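Beneath this line is the structure, given in structure tokens, with notes to follow.
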Amino acid sequence: MTTVLVIGGAAPRESGFVRDICERAMDQFLARNVTVILTDTKENLEAAPELVARAAQSHELDFSDAEACRDWATEFARHTLVDAVVGFREYAAVSVAEVAAALGLPGNPPEAVRRVRTKDECREFLRRHGLRQPKLALCATKEEAAAFLAAHGPEVVVKPRRGSSSEGVRRVSDPSAVAAAFDEALDAEGLVLVEEFVHGAEFSVEGIFELGVPHVLAVTRKQLTPVGFVECGHVMPAPLPPAAEAEVRDTVVRALGILGLERGHFHIECWITDSGVVLGEVHARQPGDWLHAMLEWIHPGLELYGRWIDDLLGLPATTAVPIHPARGAAARFLIPPTGVVRSVRGWDELTAHPALLAASCALSAGSAVRPVSSNLDRYGAVVVGTDDAATAESLAKQLLTGLRIDMTG
């Protein structure tokens with residue numbers, strides 16, 4: 001029997017796609033007769049008794065504390081053989097890399113993962129190696145942030161150095177708004193990242209490594225709210241001319257080689273601009289926002305987590321990594337106007353549609369709807385899979401429109 005240690009592998013059902021990732025991974029690991037050692041916070045383990053019951057062992061562990069994870073795993077490995085280490089969350093990526101390195105197991109180099117987790121360091125590293133990046137400044141004061149806006153405006157992006165899900169990310173054009181954006185993005189070191197705003201269509205690139213080689217599985221078109229950076233929809237594969245898609249794929253593969261990543265999944269954001277592809281943030285993990293489910297739909301038979309563990313264990317792949325999507329998928333997210341919900345109608349009809357891959361709605365009569373300022377604030381999702389991306393996009397929009405939410409002002 002082989003044993004896989006999962007760093008941060010539990011989640012409550014209300015977490016939506018995070019719980020679905022944990023369940024899919026558990027299914028694919030157990031189908032390979034892998035012994036699963038499940039770790040997560042006390043709260044997440046208690047909220048996922050079904051996952052705990054399927055694991056051989058479960059242990060309380062803060063997946064975001066890399067030093068604590070490394071020390072715990074080193075002690076655990078003294079009496080239990082561990083063959084592979086994985087994790088699914090953004091804030092677990094460094095811990096997974098540190099544990100794998102400490103146990104002498106395959107994984108991404110910790111220094112490479114720490115680099116991509118720190119946005120300004122990653123951008124400057126890529127820039128030094130000839131890849132397009134937006135201008136940026138690491139600001140310790142509001143005055144420095146305001147000066148960057150004056151020099152590189154008319155608008156800039158103010159964000160945390162190590163955040164996720166668009167939390168604390170603000171698009172600023174008015175100098176009077178800099179102070180509030182700065183306070184929201186301030187990290188424990190007293191620093192804020194301010195970047196030039198990039199004009200161009202926005203995409204993300206999803207993929208997996210095998211034998212140290214990155215394989216792009218899909219390019220995804222991202223749909224954003226008119227103000228800010230909250231994602232309101234995804235279309236996979238993106239409707240791109242072949243030459244543009246090839247440039248995106250080639251740029252991402254080149255960046256991954258430069259950064260030194262070599263195992264597991266990757267999710268990289270980018271823009272297509274008049275001057276070419278400009279890379280956004282790099283993530284050494286699978287994508288969120290149900291993109292993992294969309295990937296497995298557009299590539300029939302693909303097992304994102306099974307292929308990962310096979311690669312870590314040195315098992316030969318029985319099929320080539322799928323490159324060209326055979327189907328299409330789309331997601332739309334529920335971002336209603338602010339107010340109080342009077343009623344929600346049409347949910348049963350929505351969830352009965354045969355093309356539905358996932359759906360959620362956090363609203364009911366009496367729910368108070370507040371402004372959505374990050375991806376974590378959205379109120380639901382509709383994810384569909386069809387024969388092609390255009391049909392999927394139209395259907396996802398249609399199903400969400402059919403969900404009738406009556407509001408008071």
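The values are calculated or read from the model by the stated rules, or taken from the named source; none is laboratory data. None of these values were measured; they are calculated from a predicted model. Quick reminder, even Gly has a Cβ in these numbers, built from the backbone with ideal geometry, and neighbours come from all protein chains shown. Protein only, heavy atoms only, side chains kept; ligands, DNA and RNA dropped before computing areas. Shrake-Rupley method; radii C 1.70, N 1.55, O 1.52, S 1.80 Å.
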Can you give the relative contact order of the chain as a percent, counting alpha carbon pairs under 8 Å and 6+ residues apart?
13
Estimated dipole of the chain in Debye, rounded to 20 [Cβ of Lys and Arg +1, of Asp and Glu -1, Cα centre]:
460
Put a dot 7 Å past each Cα toward the Cβ at Asp187 and Ala140; how far apart are the dots in nm?
1.5
Just how much of Trp297 is accessible, in Å², when a 1.4 Å probe is used and the result is rounded to the nearest 10?
70
If you add up the charges near Asp187, with Lys and Arg at +1 and Asp and Glu at -1, over every other residue whose beta carbon is less than 14 angstrom from its beta carbon, what do you get?
-1
Roughly speaking, what is the centre-to-centre gap between region 1-59 and region 295-360 when only Cα atoms are used, to the nearest Å?
19
Measuring from the lowest to the highest alpha carbon on each principal axis, how far does region 27-95 reach, largest first, in angstroms?
31, 27, 20
What fraction of the DSSP beta bridges in the chain is antiparallel, stated in percent and rounded to the nearest 5?
80
So what is the relative contact order of region 324-392, in percent, for Cα pairs below 8 Å that sit 6 or more residues apart?
52
Taking only the alpha-carbon positions of region 135-183 as identical scatterers, the Debye log10 I(q)/I(0) at q = 0.26, 0.28, 0.33 Å⁻¹ comes out as -1.00, -1.15, -1.48
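Would you mind calculating the relative contact order of region 1-108 from Cα pairs under 8 angstrom and at least 6 residues apart, reporting the percent as a whole number? Mind showing how you got there, number by number?
Working: 194 pairs, mean separation 34.3, N = 108.
Answer for region 1-108 is 32 percent.
For the pair Met1 and His199, what calculated FRET efficiency results from E = 1/(1 + (r/R0)^6), where r is the Cβ-Cβ distance and R0 = 60 Å, to the nearest 0.05? Kindly include the intermediate steps, with their values, before the conclusion.
Numbers: r = 53 Å, r/R0 = 0.89.
FRET efficiency, His199 to Met1: 0.65.
Once Rh is set to the Kirkwood radius over Cα pairs, what Stokes-Einstein translational diffusion coefficient, in µm²/s, holds for region 302-404 at a temperature of 25 °C and a viscosity of 0.890 mPa s?
On the way: Rh = 16.0 Å.
Stokes-Einstein gives a translational diffusion coefficient of 153 µm²/s.
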Say the dipole of the chain comes from +1 at the beta carbon of Lys and Arg and -1 at that of Asp and Glu; which of Pro110, Pro241, Gly163 then lies farthest toward its positive end?
Pro241
Please express the Cα-Cα pair-distance distribution P(r) of the chain as a list of whole percents, one per 20 Å bin, running from 0 to the bin with the greatest distance.
26, 59, 15, 0
Å² of accessible area per residue within the chain, as computed with a 1.4 Å probe and no ligands counted
42
Set of lysines with alpha-carbon distance to Lys222 below 23 Å, sequence-local pairs under 8 removed:
Lys119, Lys135, Lys159, Lys397
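Stokes-Einstein at 4 °C, 1.567 mPa s, Kirkwood radius from Cα pairs: D for region 309-353 in µm² s⁻¹?
Values: Rh = 16.1 Å.
Using the Kirkwood radius from Cα pairs, D works out to 80 µm²/s.
Ignoring ligands, DNA and RNA, what percent of the 1.4 Å accessible area of the chain is carbon and sulfur? Walk me through the numbers before you get to the answer.
Working: 9080 of 17170 Å².
Within the chain, the accessible surface is 53 percent carbon and sulfur.
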Assigned charges on the beta-carbon of Lys, Arg, Asp, Glu; region 139-184 dipole about Cα centre (debye)
200
Of the convex hull enclosing the alpha-carbon atoms of region 178-260, the direction-averaged projected area in nm² is 7.9
Just grab the label-to-label distance for Thr273 and Gln57, each label 7 Å out from Cα along the Cβ direction, in nm (one decimal).
5.0
Between Glu111 and Ala147, what is the label-point separation in nm under the 7 Å Cα-to-beta-carbon projection?
3.2
Restricting things to alpha carbons, tell me how big region 29-149 is in terms of Rg and Dmax, in Å.
18.8, 58
For region 339-393, take N as its residue count and report Rg(C-alpha) divided by 2.2 N^0.38 Å.
1.34
Using the charge dipole of region 322-409 (Lys, Arg: +1 at Cβ; Asp, Glu: -1 at Cβ; taken about the Cα centre), state which of Val383, Val344, Ile323 has its Cα farthest towards the positive end.
Val344
